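What follows is a short report on a single structure.
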Amino acid sequence: MKLLVDSGATKADWIALDDNGNRLFTTQTLGLSPEVINKEEAIERLNDRFDIYNNRKDVSHLYFYGAGCGTDRMKKFMRDIFVEFFPNAEVVSVQEDTYAAAYATNPTKDKSIICILGTGSNCSYFDGEELQQKVQSLGYIAMDDCSGNRFGRELVRAYYFNKMPQDLAKQFESEYNLDPDVIKHNLYKEPNPNAYLATFAKFLIQHKDDSFIKEIIVDAMQTFVDCYITQYDNAHEVPVHFVGSIAFYLKSELAEVLSKNGLKLGNVLRRPIDGLIEYHKLN
């Protein structure tokens, strides 16, 4: 049995394939980002899914693509967990989630720029074989520009600093518990504060045509272009592919910002997992 896993900070999609590439089961766990969870939490999330736990001894190959797995230390951390949990696995591969995005959006392995805009964000250049990063992510507190958690942060700040238009603020109040103690508890006492902040991004997407929200979106996208995409000298010569819910639901806004910057928008996928199936069948 082969397991393909695409994990963001919020959730992880799992697909099991037999030796002929036929789908055995699909499931989902909470995110397995080593930046925000420890070993015990990771094991608990694996144990919580019957299909994963019940078939753990039948897994021969595991291909894990995960947020937060961009350094050797983080890759080893996750690999050690999987080697222990799947005792008969002959191959345990751990790569950062940008590789999943690269393979899913660009199965022909053409030169391109690969971006992730989901709970977190990332941007790499794909030369057809390897990913190259000019910006090393420092995680959701310092970076993650144009991501769900950054948009959530902007909305909460705008609300508390009384910058949000009154009618919009009332709608915001009706959809979320904005009690300061609740917010602080989720930010400082609960796991995955980045995923908590990202829950507010749904409001931003729902009201993306509002002029106040539109300005937040465009400013964030322009920052992402300036600080991430145009770091690459050939950014204007290759397509820019995206995966993630933020990119997917704000595709038209993304296309507009990229066009203004002379950049070519490539494929935009909400989730790369289905594309990964085709990639692994071919490879």
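The values are calculated or read from the model by the stated rules, or taken from the named source; none is laboratory data. As the structure is a prediction and not an experimental result, all values here were calculated from the model. In this analysis, Cβ positions are derived from the backbone assuming ideal geometry, glycine residues included, and neighbour counts consider all displayed protein chains.
Structural remarks
- With respect to the conditions (1) within 16 Å of the chain's Cα centre (by Cα); (2) at negative phi; (3) part of a loop (DSSP other than H, G, I, E, B), Asn149 falls short on a single one, namely (3).
- Candidate set from region 1-57 (those that are of a type outside the set (Val, Ile, Thr), within 13 Å of Ile277 (Cα to Cα) and surrounded by 17 or more Cβ atoms within 10 Å (Cβ to Cβ)); member that is nearest to the chain's Cα centre (by Cα): Asp6
- Scanning region 106-119 for residues that are hydroxyl-bearing (Ser, Thr, Tyr), surrounded by fewer than 24 Cβ atoms within 10 Å (Cβ to Cβ) and in contact (Cβ under 8 Å) with a residue 12 or more places away in the chain returns a single hit, Ser112.
- Among the residues of region 1-13, those identified as closer than 24 Å to Leu197 by Cα and not small (Gly, Ala, Ser) are Val5, Asp6, Thr10, Lys11, Asp13.
- Every condition in (1) touching a Leu at 6+ places or on another chain (Cβ under 8 Å); (2) farther than 25 Å from Glu129 by Cα; (3) at pLDDT 95 or above holds for Asn88 except the one numbered (1).
- Any hit, region 189-210, residues being within 22 Å of Leu30 (Cα to Cα), surrounded by fewer than 18 Cβ atoms within 10 Å (Cβ to Cβ), aliphatic (A, V, I, L, M) and modelled with pLDDT under 95: no
- Ala101, sole failed condition from (1) in a loop (DSSP other than H, G, I, E, B); (2) crowded, with 21+ Cβ neighbours inside 10 Å: (1)
- When we screen Ile113, Ile81 for residues that are under 17 Å from the mean Cα position of the chain (by Cα) and at pLDDT 95 or above, the only hit is Ile113.
- Restricting region 147-168 to residues that are surrounded by 12 or more Cβ atoms within 10 Å (Cβ to Cβ) and polar (S, T, N, Q), the residue that is farthest from Val240 (Cα to Cα) is Asn149.
- Within region 177-206, if we keep just the residues that are part of a loop (DSSP other than H, G, I, E, B) and touching a Phe, Trp or Tyr at 6+ places or on another chain (Cβ under 9 Å), the residue that is farthest from Phe161 (Cα to Cα) turns out to be Glu190.
- Some residue of region 123-146 being part of a helix (DSSP H, G or I) and either in contact with a helix residue (DSSP H, G or I) (Cβ under 7 Å, 6 or more places away or on another chain) or surrounded by 11 or more Cβ atoms within 10 Å (Cβ to Cβ) (or both): no
- In region 240-251, the residues that are part of a helix (DSSP H, G or I) form Cβ pairs under 7 Å with partners that are of a type in the set (S, T, N, Q), at six or more places apart or across chains, as follows: Ile246/Ser147.
Yes/no matrix, rows are residues, columns are (1) of a type in the set (Val, Ile, Thr); (2) more than 27 Å from Ala198 (Cα to Cα); (3) in contact with a helix residue (DSSP H, G or I) (Cβ under 8 Å, 6 or more places away or on another chain):
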{"residue": "Phe25", "(1), (2), (3)": "no, yes, yes"}
{"residue": "Val36", "(1), (2), (3)": "yes, no, yes"}
{"residue": "Tyr53", "(1), (2), (3)": "no, yes, yes"}
{"residue": "Lys57", "(1), (2), (3)": "no, yes, no"}
{"residue": "Phe64", "(1), (2), (3)": "no, no, yes"}
{"residue": "Tyr99", "(1), (2), (3)": "no, no, no"}
{"residue": "Ala102", "(1), (2), (3)": "no, no, no"}
